[in-house]
Structure formats: structure tokens, C-alpha cells
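This report refers to the structure that appears directly beneath it.
Just so you know, all these numbers are worked out from the coordinates, no wet-lab data involved. Please read all numbers here as calculations on a predicted model, not as lab measurements. Quick reminder, even Gly has a Cβ in these numbers, built from the backbone with ideal geometry, and neighbours come from all protein chains shown.
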Amino acid sequence: MSVVTGIGLTPFGRLAGASTLDLMSRAATDALADAGLERREVDGLITGYSTTHPHLMLSTVFAEHFGLRPSYAHAVQLGGATGFALVMLAHLMVEAGAVRRILVVAGENRLSGQSRDAAIQTLAQVGHPTYEVPLGPTIPAYYGLVASRYAYEYGIEDSAELAVLMRANAARTPGAHLTEPITAAMVRDSKPIATPLRLLDCCPVSDGGAAFVIERADAARPGPAIRGAAQAHTHQHVSAAPSLTAFGAGDSAARALAQSGVALTDIGYAAIYDSFTITLAILLEEIGLAPRGAAGRLAREGHFSPDGAMPLNTHGGLLSYGHCGVGGAMAHLAETVRQMRGAAGPRQVAPPALALLHGDGGVLSSHVSLVLENGR
Amino acid sequence: MSAEIPDWTTGGEGLTLARCRACRHVQYVRRPFCPECGSEDLSVERASGRGTVYAVTVVARAPSADLSAHAPYGIALVDAEEGFRFMAHCPLKGVAIGDAVRTTFRAFGAGLVPFVAPEGTP
């Protein structure tokens, strides 16, 4: 079994002057300090990627920069699913006995390291270069297409409630990018980006970094344990998605739960990828945490609030804590660990015994699910 | 690619598909083999351009400066009658999921792109 013994999470937002390596270093320093470890006590390193620091070998660039000489290192690229894919890989490596302790780290100055136009253009290139990109779609356009189908099948009015909840959660979280309270009416009246998605349905582009130490279970070094991890990959491009209302999330989550020997009803905390309100609605529903078409309504009714039946992204998620690329989803895990430790300050919920985490990459193309058990 | 069949991805006014002669799978995003069964025996055919709207959005902000003069523009995913899904431009208004559409071609950015509009509109 593997356990998370250290977390590092920088503030997200505009962190002017900080490079990708600066942000990775800050997060890694915090994760090592949190785990009570020196650099030499880590034997593995896996990193994400950075659009502002493209490199063939980001892991060893970071190792040299930070002062690590790992016996195992490489980077992973899986779009928005990368953060949890890194954690899953670290878990598998530890379970296999290939490493004793892995530092998992990602960071990017995605907001201040490039113009907003450059960020939008870079991200839009995930579309098919021949059959999609020439038509001028953007990431919000891909998700706007998904949202249009969801609206057609289930109605989409209530999904604004998910943005409202994430903003309220972020207001209680030091370091969150967006903290000004919003209402559902403000979401519905914000400027159109790619119909039916509006500005406040979309996560911001942020600077930030996150890191974890994941190691073999040892009674002397307690921490939340990774009980299950699974993936599903159904397509890459939105044009090739088998359906725009059913993706691989349910399959991935069900296998992670089965591996853990627990049922969805045993889960007490949810950390779900929320690049757009539609992403969060679809993932919650497909995983089974809300009936189809009902995620927004449940949010409005308080079901996903910190004092509700299923606390969700209590740090504010990508929608309001912010989205710096690979580190974005890693903030969801950092928050889950804090909640399990009882160290979440004013937003602390009853420390959950079991949490389900789910990330997606591409246009709901790649899915990674994790089940975390409180090891306090 | 058959030279006689126009294809918008190479500047011609047409949509093409490739049908696997072994398993009949239809592909739009072209490879030299069938992704379902691996056969390399493909028949390249011209698609009718008729289909049904599966999803539709209006892009308010273009991804790059060279396209921003075109914004806003409509983008649809269309289920072609031959059994493949394709992305196309569409009018800003008057296109809904489930609509039957036909395809023409319009200049956009550096080339031609498919443009779908409801059957019966000019």
C-alpha cells in the first residue's frame, strides 16, 4: 500500500515573476517539509509538463535544478488528467517495490508566463490538427459542444450552481485565485464564451504549483492511503467521442472502487475535476454521485456543500481556487489530504474516512480515479 | 487520397470518407488502415454532406488573432448520413440539435471549411 505523507500547494493566481521551475521548487520544498524529509531521502521523481516550459525531459531538468539525484525519473503528459495519473503511477511504483519514496511535482506560470491569447491558442491545439483546428475551436468551444448536448438531453440551467458553490468554497481558502462571491444569476448573465458556456462557467488560467510525497506504508509515517486507482480512455478529439453525454468516468471510478473493496455509498468526500461547470456536472453524474441532469440542483440544495451529505472540492476547485495546468487537479488531492488530517481550517468538514478523486484530460477523453483512505 | 474526390482538408469542396471493405467501418479522420479491424483495404468515397446536428456552439472568442475578425462563429458536430461525425461551421442562429442539415464550403482562416445549414435554407 502507498501513502501520501507530504503535500505542497502554492497559492494560485497571478504570481508574477515566478517561472515553472520556481513554482515546482516552491511546491516541492513545501511537500518535503510537510513530510519531514530531506532531498536525499527521496529516490523517485515524476513530474508533469508545462506549456510555458516545454522540454523533452522536464523531470531531470527539475531534478538538476532542485538538487535531486533520483534513481527513477520521468515526466507524464495526460492533459488535465496528468495530476492524478502522476499519483496513480507513484502508487503503482511504490506498490511494485521499484521505489521507496517518490516526489510528484508540477507547476506552471500559465497565466503570467505568456499572453492570454498564447495560452488560449496553445490549449486549442489539442483539437485535431486537420479536421478541427482549422475551424477555429477553443477549449471552451469543445466543452460548449458537450454542454449543448447536455442541455438538449437534461437541461442546463442549474449547472451555474456548481460555479457558485466553488466560489463560496474558495472564499474560505487561503491562496485561492477567485474569491469574490457570485450568484447563479451572475453566472447566467456573465459574458458568453462558447454557448451555452459563459465566463463564470469557465475556470480561470492561473499560475501555481503542487507536489506530493508518496511512499510505502509504514506505521511510523502515517498518512492517507491510496486504496485504488484506475483509468479509462475513450477517445482524444471531441469529434471522435462515442457520445457527448456518456464518457469513461463511470467505468474508471467503478474499477477504482472495486479495487478498494468499497462502494460508492462508503465515500464521504468528493474531489472532482471541474474545468467547466459542465465538466463537473457530467463527471458527478456519470460516477453516480448525482442522478443524470441533477448535479446542479443538488448543489443548489446544499448536497455538495461543506456541511452537506457529500462535501465537494472544499478548496474551490479549478473553477475558483484556479487552474495552473497539471497542478490544478493536484490541488484537489492536497485539499483531500488536509480534510483527512483535520487541517483545513475554517472549511474543515468531518474528516472523511474515504474520498473519491476523479480527473479528466482532453475533452472528457482520459479519466483517472483514485480512492483515498484516511490513515490518521 | 484519391485525386478525383474533392476534400476540404486539401482545399477541395467536398467531404470524403473511407469505408473498410473488410468490416464496413466508416472513418472520416483518415488513416491508411481501418482502426476497427486493421484492414488496409479501404474505399474512399465522397460523402453527401447531409446529416443531423448532434451538438452546436457559438464561439465568441477566437483562439488566435488571425481568426478573431471572424468571431463570433458557429461550430456544430454533425452526424453524417453515411455514419460518421464531423465538425463544421454553421450559422449563428437557427441551427438546433436534431436539425437536418446540408453542407457547403466557406473560406475561413487559411483555407476552406465545411459549413452546414438547415435543409431548405439558401
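General remarks:
- Rounded to whole numbers, the Karplus 3J(HN,Hα) couplings from phi for the stretch A:227-233 are 8, x, 8, 8, 10, 8, 9 Hz, using 6.51 cos²θ - 1.76 cosθ + 1.60 with θ = phi - 60°, and x at Gly and Pro.
- Of all DSSP beta bridges in the stretch A:249-376, antiparallel share, percent nearest 5: 60
- Listed residues A:314, A:195, A:265, most fluctuating in chain A (Gaussian network, C-alpha, under 10 Å): A:265
- Toward the positive end of the charge dipole of the protein assembly as shown, with +1 on the Cβ of Lys and Arg and -1 on the Cβ of Asp and Glu, the farthest Cα among A:5, A:152, A:235 is that of A:5.
- Under 5 Å from the amide H of residue A:111 lie the amide H atoms of A:206, A:207, each residue being 5 or more positions distant or on a separate chain, with H modelled from the backbone and absent for Pro and chain starts.
- Choice from A:135, A:165, A:58 with maximal GNM fluctuation in chain A (Cα, 10 Å cutoff): A:135
- Relative contact order (%) - criterion: Cα under 8 Å, at least six apart; region: chain B: 22
- For the protein assembly as shown, cysteines whose Cβ has no other cysteine Cβ within reach (under 4.7 Å): A:202, A:203, A:324, B:90
- Anisotropy class assigned to the stretch A:1-76 is oblate, per the alpha carbon gyration tensor with a/c at or over the 1.5 cut-off and a/b no larger than b/c.
- Taken about its Cα centre, chain A carries a charge dipole of about 400 debye when Lys and Arg each add +1 at the Cβ and Asp and Glu each add -1 at the Cβ.
- Its Cα centre serving as origin, the stretch A:101-203 has a Cβ charge dipole (Lys and Arg +1, Asp and Glu -1) of approximately 320 debye.
- Working note: Karplus 6.51/-1.76/1.60 with θ = phi - 60° gives the stretch B:102-116 the couplings 10, 10, 10, 10, 10, 6, 7, x, 8, x, 9, 10, x, 10, 10 Hz, where Gly and Pro are set to x.
- Cα gyration tensor shape of the protein assembly as shown, rounded if a/c is under 1.5, else prolate or oblate by comparing a/b with b/c: prolate
- Annotation: amide H-H contacts under 5 Å for residue A:366 (H modelled 1.01 Å from N, sequence separation of 5 or more, or interchain): A:361.
- Within the listed set A:120, A:282, A:139, the residue fluctuating most in the Gaussian network model of chain A (springs between alpha-carbon atoms under 10 angstrom) is A:120.
- Taking the charge dipole of chain B about its Cα centre, with +1 at Lys and Arg Cβ atoms and -1 at Asp and Glu Cβ atoms, the residue from B:97, B:11, B:78 reaching farthest to the positive side is B:97.
- Vicinal HN-Hα couplings computed from phi for the stretch A:252-267 (Karplus, 6.51 cos²θ - 1.76 cosθ + 1.60; Hz; Gly/Pro x): 4, 5, 4, 6, 5, 5, 4, 4, 7, x, 10, 9, 4, 5, 7, 6
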